[in-house]
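Nothing in this text is a laboratory measurement; each read-out follows from the coordinates by a stated rule. All figures in this text were calculated on a predicted structure; none of them were measured in a lab. Please note: Cβ atoms are built from the backbone with ideal geometry, for glycine as well, and neighbour counts cover all protein chains shown.
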Amino acid sequence: MRRALRSFLCGAALILALSAPSLAQDETAARTDAWRAAAAKGDAMAEASLGSAYENGRGVPRDTSAAAYWYERAAQHGVAIAQHDLATLYHNGDGVPKDDARAVALFRQAAAQGFAPAQRSLGFLLDAGAGAPQDVAEALHWFRLAADQGDPPAENALGAHYELGNGVAVDLSAAATWYGHAAQQGLADAQARLGQFYERGSGVPRDDAQAVAWFEKAAAQDNAVALWRLGAHYEAGTGLTADNALALDSYRRAAALKFAPAENAVGGMYDDGLGVPRDPAEAVRWYRLAAAQGLMLAQANLAEHLLNGDGAAQDDVEALAWFERAAGQGDAPSAFFAGAFYAQGRGTEPDVAAAQRWLQVAAASDDPKISDVAKEWLANLPR
């Protein structure tokens, strides 16, 4: 009898578990039907809710064109959230043709009603000059209004403007404050940026432990910058105990997000044999990934391996190409090597003018070791 009762209870629990999603779906569909009936009678909030149902596929198949139709009706009745959501569809070209000018107009309507997400979104478009002439001052006005309501992306945007001096005087302390407000609310980008402020002592006292704490919070949300910087702290042993295995793991997680500095860092770990046996071929593979994204340091690292035939076949032609790319971004050692290659005719025909151009870049370096040897090469170029 006890076994039979237990079997019955287990069976009943299974039936309830299997039916729960169906019951929830039925309830959502019924709610959507109620919104449809009310929207047909001109109920503005029902129109907005029905638009949201279509946009998110709740109770109906996802249909952003239908969402736009119902948002439009609610927006005409002055519903701020519908104005915002319709503007977002126009900005993204989702269910309607992309139209940033229309998006700006709709965001303005919702922003004027004090709807913080619309104020912030309007700020972003004005900041970028999308759908309206660029107006950083007005963008800041809307960011401040949204930030005063505790909107994390707006707080983060203000932090960036104060950090860069965009529309306001540079004020790293104010930047740190705004990043801090957004970070406290869990915005990963702000947490990562605040971590970098503590890491560098920008606007706040330098504090590696605080930096690591913020990087860990953002890394838990798979923020690539935070994962990369957390890896650097594990590698250096700053703010926590050094651990090359954890450094490599953190770098790998950021590299999986196609973040070039992390790809270069993974390459560096294989290059130096940190946390893994040294593997120059694997280092080259990672350097190539980062170099292809335009990362100067990775381009220089790749060129050096090609020059030396370390982890890849020795190739002066390709080495020169990567040295020139890195030099074009201001890397002085790469500029020296590019100049030397042209002077010697390595990977190219000799070209005194090209050699002189790159060696002059290297000679202007703040590093006396680089500048002195570049000047020596310049003095010995054929006249």
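A few points about this structure:
- Loop-located trypsin sites (Lys or Arg not before Pro) in segment 63-163 whose Cβ has at most 16 other Cβ within 10 Å (DSSP): LYS98
- Across segment 233-247, coupling constants 3J(HN,Hα) worked out from phi with the 6.51/-1.76/1.60 Karplus curve, θ = phi - 60°, read 6, 5, 5, 8, x, 10, x, 6, 6, 4, 7, 5, 5, 5, 4 Hz, and Gly and Pro carry x.
- Length released on extending from ASP249 to ASP351, taking residue separation times 0.36 nm less the Cα-Cα span: 32.2 nm
- Among ALA303, LEU164, ALA224 - extreme Cα towards positive end, dipole of the chain, charges at beta-carbon: ALA224
- Charging the Cβ of each Asp and Glu at -1 and of each Lys and Arg at +1, and nothing else, the dipole of segment 63-165 about its Cα centre rounds to 220 debye.
- Segment ARG383-ALA281, extension gain: residue separation times 0.36 nm, minus the distance between their alpha carbons: 32.6 nm
- For segment 167-239, the set of chymotrypsin sites (Phe, Trp or Tyr not before Pro) satisfying both a DSSP loop assignment and a count of at most 10 other C-beta atoms within 10 Å is empty.
- Whole-Å distance, taken between Cα centres, linking segment 113-131 and segment 135-155: 8
- Estimated FRET transfer efficiency when R0 is 22 angstrom, pair ALA242-ARG206 (beta carbons, to 0.05): 0.75
- Local charge for ALA175 was computed over the other residues whose Cβ lies under 9 Å away, with Lys and Arg +1 and Asp and Glu -1, and equals -1.
- Dipole moment magnitude, nearest 20 debye, the chain about Cα centre, only Lys, Arg, Asp, Glu C-beta charged: 1220
- Modelled spin-label separation between ARG31 and LYS258, with each label point placed 7 Å from Cα along the Cα-to-Cβ direction: 3.5 nm.
- Calculated from the structure at hand, percent of Cα pairs over 30 Å apart is found among [x] 39; [y] 50; [z] 62 as [z].
- LYS98 paired with LYS41, simple spin-label distance in nm, labels 7 Å along Cα-to-beta-carbon: 4.2
- Hz values of 3J(HN,Hα) by residue in segment 271-280 - Karplus curve (6.51, -1.76, 1.60), Gly and Pro given as x: 5, 9, x, 9, x, 8, x, 4, 8, x
- Signed unit charges on C-beta, dipole axis of segment 247-345, positive-most listed residue ALA262, TYR287, GLY345: ALA262
- Lys/Arg +1, Asp/Glu -1 at C-beta; segment 102-229 dipole; positive extreme among TYR198, PHE115, PRO152: PHE115
- Ascending count of other beta-carbon atoms within 10 Å, so fewest first, for GLU349, GLU55: GLU349, GLU55
- Computed from phi, the 3J(HN,Hα) profile of segment 170-178 under the Karplus parametrisation 6.51, -1.76, 1.60 (θ = phi - 60°) reads 4, 8, 5, 5, 5, 4, 4, 5, 5 Hz, with x in place of Gly and Pro.
- Helix 64-76 vs. the chain, principal-axis angle (Cα, 0 to 90°, nearest 10): 70
- When the trypsin sites (Lys or Arg not before Pro) in segment 196-256 are filtered for DSSP coil states and for at most 16 other beta-carbon atoms within 10 Å of their beta-carbon, the remaining sites are ARG206.
- Estimated from helical segments only, the mean residue ellipticity of the chain at 222 nm is -23500 deg cm²/dmol, where each DSSP H run of four or more residues counts as -39500 (n - 2.57).
- Full extension of the segment from ASN56 to ASP372, taken as 0.36 nm per residue of separation minus the current Cα-Cα distance, would add 107.4 nm.
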